[in-house]
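Peer 1: Here it is: the structure, laid out below.
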Amino acid sequence: MNEIAATPLADAGVQASVFAMFWSASFVVKLVMIGLLAASVWCWAIIIDKTLLIRRARAAIEDFENLFWSGSSLEDLYHSLSARPTMATASLFIAAMREWKRSFQNAHASFVGLQSRIEKVLDVSIAREVEKLEANLLVLATVASAGPFIGLFGTVWGIMTSFRSIAASKNTSLAVVAPGIAEALFATALGLFAAIPALIAYNKLSGDVAKTQARMESFADEFSAILSRQIDQHAAQRNNAA
């Protein structure tokens, strides 16, 4: 009696395991499950990469701003930074200083339009830095929005398969229906498993990118004002010499 009663329980435990639900699912539901698992792994790789990248960008901004406002001359700072890779505000500074130095290569160069050129260079540099930070964030948004629907598709397909099995076996007992429905609902769970972290990470990382962009724009405005005063001084000196 005890052995006979234990056998159904053991079989139910095997049928309820995650791997058993996967292997017993139909081909389409398996594809959905594998796709959602792959999307989840891809999302976590993006989350880790972007988190580290934004941290490096923030640290670079802090280090550069401390160096920039320490009192060093712009020329010395430019020569020290142009020899090594830069990011965030340091890249803005290098790009603007290059445009500045190109304008002074000719002794008779005009200052007309120099301020607007420097501002455009700063804007383009900010756009490039933000593009690096935002790269692949749309993947998180796509998985967050599409993941539950893909899981729901797997659920609907699995339930359809279960009903076809019921029609073929002509048995409507819960023991026949439950495994198929469990497999189908497992696809929905995987969809939520992929979508929820992607949604949370997308909102968090988007906010961090926006804050980093705001800091770069603030520095660009301040540096543009500094160069504007330098332009006025050079223009006044040229007029006095003339």
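Peer 1: Kindly report the accessible area of the range 62-166 per residue (heavy atoms of protein chains, probe 1.4 Å, no ligands, DNA or RNA), in Å².
Peer 2: Numbers: 5930 Å² over 105 residues.
Heavy-atom SASA per residue in the range 62-166 reads 56 Å².
Peer 1: Reachable lysines from K204, Cα under 19 Å, same-chain residues fewer than 8 places away excluded?
Peer 2: Within reach: K50, K132.
Peer 1: What is the distance, in nm, between label points placed 7 Å from the Cα along the Cα-to-Cβ direction at L185 and at S70?
Peer 2: That separation, rounded to one decimal, is 6.2 nm.
Peer 1: For the range 33-160, what is the convex hull volume of the alpha-carbon atoms per residue, in Å³? Intermediate values should be presented prior to the final figure.
Peer 2: Details: hull volume 16.7 nm³, N = 128.
Hull volume over Cα atoms, normalised by residue count, gives 131 Å³.
Peer 1: Calculate, for K120 and F149, the FRET efficiency according to 1/(1 + (r/R0)^6) with r their C-beta to C-beta distance and R0 41 Å; round to the nearest 0.05. All intermediate terms of the calculation are to be shown ahead of the outcome.
Peer 2: On the way: r = 43 Å, r/R0 = 1.04.
Calculated transfer efficiency: 0.45.
The values are calculated or read from the model by the stated rules, or taken from the named source; none is laboratory data. In this text the structure is predicted, and so the values were computed from the model without any measurement. Here the Cβ is made from the backbone with ideal geometry for all residues, glycine too, and neighbour counts use every protein chain on show. Note: areas computed on protein heavy atoms with side chains; ligands, DNA, RNA excluded. Shrake-Rupley method; radii C 1.70, N 1.55, O 1.52, S 1.80 Å.
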